[in-house]
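Worksheet: one structure, shown below.
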Amino acid sequence: MVRNPVEGATPTTVFEGSLKNYSLDDYQALPVKKGTAVLIHGMVHHRSNKNASENSRNIYTFHVTETYKSQWCKRNWLQPPPNSQFPVLYDDSVALKMNTSVDCK
(Lines give C-alpha, C1' and ligand atoms only; values in the text may rest on other atoms or scores of the structure.)
Protein backbone atom coordinates (compact mmCIF):
# COMPACT_ATOMS: atom_id res chain seq x y z
CA MET A 1 0.00 0.00 0.00
CA VAL A 2 1.29 3.42 -0.94
CA ARG A 3 -0.16 6.90 -0.78
CA ASN A 4 -2.35 7.72 -3.73
CA PRO A 5 -0.19 9.89 -6.01
CA VAL A 6 -3.25 11.97 -6.94
CA GLU A 7 -3.50 14.77 -4.36
CA GLY A 8 -6.88 14.79 -2.58
CA ALA A 9 -8.06 11.62 -4.34
CA THR A 10 -9.93 8.79 -2.69
CA PRO A 11 -8.99 6.25 -1.75
CA THR A 12 -5.99 7.88 -0.11
CA THR A 13 -3.97 4.68 -0.45
CA VAL A 14 -3.56 2.35 -3.42
CA PHE A 15 -2.13 -1.13 -3.81
CA GLU A 16 0.90 -1.62 -6.02
CA GLY A 17 1.93 -4.99 -7.30
CA SER A 18 -0.01 -8.14 -7.91
CA LEU A 19 -2.28 -10.01 -5.56
CA LYS A 20 -2.11 -13.74 -5.16
CA ASN A 21 -5.52 -15.37 -5.00
CA TYR A 22 -5.69 -17.63 -1.97
CA SER A 23 -8.23 -20.41 -1.74
CA LEU A 24 -10.13 -20.65 1.53
CA ASP A 25 -8.52 -24.11 1.77
CA ASP A 26 -5.11 -22.38 2.06
CA TYR A 27 -6.00 -20.89 5.46
CA GLN A 28 -5.63 -22.66 8.75
CA ALA A 29 -7.92 -21.74 11.64
CA LEU A 30 -6.26 -20.66 14.86
CA PRO A 31 -8.97 -20.49 17.53
CA VAL A 32 -7.99 -18.42 20.56
CA LYS A 33 -9.58 -17.74 23.92
CA LYS A 34 -11.45 -14.51 24.56
CA GLY A 35 -8.98 -11.72 25.40
CA THR A 36 -6.04 -13.35 23.63
CA ALA A 37 -3.62 -11.04 21.84
CA VAL A 38 -2.73 -12.28 18.37
CA LEU A 39 0.45 -10.87 16.79
CA ILE A 40 0.76 -11.17 13.03
CA HIS A 41 3.87 -10.25 11.02
CA GLY A 42 3.12 -7.73 8.30
CA MET A 43 4.16 -10.16 5.55
CA VAL A 44 1.75 -12.88 6.69
CA HIS A 45 -1.40 -13.10 4.60
CA HIS A 46 -4.26 -13.52 7.04
CA ARG A 47 -8.01 -13.27 7.27
CA SER A 48 -10.80 -13.33 9.78
CA ASN A 49 -14.34 -14.54 9.47
CA LYS A 50 -17.22 -12.16 10.00
CA ASN A 51 -17.77 -11.28 13.65
CA ALA A 52 -20.97 -13.11 14.57
CA SER A 53 -20.98 -11.62 18.08
CA GLU A 54 -22.84 -8.49 19.14
CA ASN A 55 -19.53 -7.28 20.66
CA SER A 56 -16.96 -5.52 18.51
CA ARG A 57 -13.41 -6.80 18.12
CA ASN A 58 -10.67 -4.52 19.37
CA ILE A 59 -7.88 -4.21 16.83
CA TYR A 60 -4.56 -2.53 17.57
CA THR A 61 -1.94 -2.01 14.90
CA PHE A 62 1.69 -1.59 15.93
CA HIS A 63 4.26 -0.95 13.21
CA VAL A 64 7.97 -1.37 13.94
CA THR A 65 10.82 -0.54 11.57
CA GLU A 66 14.57 -0.26 11.74
CA THR A 67 15.81 3.32 11.69
CA TYR A 68 19.60 3.05 11.71
CA LYS A 69 20.96 4.31 8.36
CA SER A 70 17.52 4.07 6.82
CA GLN A 71 15.20 6.51 5.13
CA TRP A 72 11.43 6.32 5.39
CA CYS A 73 9.77 6.25 1.98
CA LYS A 74 7.62 9.32 1.33
CA ARG A 75 5.25 7.12 -0.69
CA ASN A 76 4.56 4.78 2.23
CA TRP A 77 0.94 4.97 3.37
CA LEU A 78 2.06 5.38 6.98
CA GLN A 79 3.72 8.72 7.66
CA PRO A 80 4.82 10.49 10.84
CA PRO A 81 2.87 13.57 11.95
CA PRO A 82 3.83 16.81 10.14
CA ASN A 83 7.05 18.39 11.47
CA SER A 84 7.71 15.31 13.60
CA GLN A 85 9.07 11.79 13.46
CA PHE A 86 7.98 8.37 14.62
CA PRO A 87 8.80 7.69 18.27
CA VAL A 88 12.02 5.77 18.89
CA LEU A 89 11.59 2.64 21.01
CA TYR A 90 15.29 2.07 21.58
CA ASP A 91 18.65 3.32 20.32
CA ASP A 92 19.73 0.74 17.76
CA SER A 93 22.63 2.75 16.30
CA VAL A 94 25.19 0.89 18.43
CA ALA A 95 23.75 -2.57 17.91
CA LEU A 96 23.38 -2.30 14.13
CA LYS A 97 26.59 -1.86 12.22
CA MET A 98 25.26 -2.73 8.77
CA ASN A 99 23.75 -0.33 6.26
CA THR A 100 19.99 -0.96 6.15
CA SER A 101 19.12 1.87 3.79
CA VAL A 102 16.63 1.13 1.04
CA ASP A 103 16.39 2.83 -2.32
CA CYS A 104 12.81 4.06 -2.39
CA LYS A 105 11.97 5.79 -5.65
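Structure notes:
- Selection of first residues in region 3-31 that are at negative phi and β-branched (Val, Ile, Thr) and of second residues that are part of a loop (DSSP other than H, G, I, E, B) and at pLDDT 90 or above, restricted to Cβ pairs under 7 Å at least 6 apart or on distinct chains, gives the following pairs, ordered by first then second residue: Thr12/Asn4; Thr13/Asn4; Val14/Asn4.
- Scan of region 69-90 for residues that are loosely packed, with under 11 Cβ neighbours inside 10 Å and not small (Gly, Ala, Ser), ordered by number: Lys74, Pro80, Pro81, Pro82, Asn83, Gln85, Pro87, Val88, Leu89, Tyr90
- Hits in region 40-71 (condition: under 12 Å from the mean Cα position of the chain (by Cα) and either within 21 Å of Tyr22 (Cβ to Cβ) or hydroxyl-bearing (Ser, Thr, Tyr) (or both)): Ile40, His41, Gly42, Met43, Val44, His45, Tyr60, Thr61, Thr65
The values are calculated or read from the model by the stated rules, or taken from the named source; none is laboratory data. The structure presented is a predicted model; accordingly, all values stated were derived computationally and were not measured. Glycine gets a Cβ as well: all are built from the backbone with ideal geometry, and neighbour counts include every protein chain shown.
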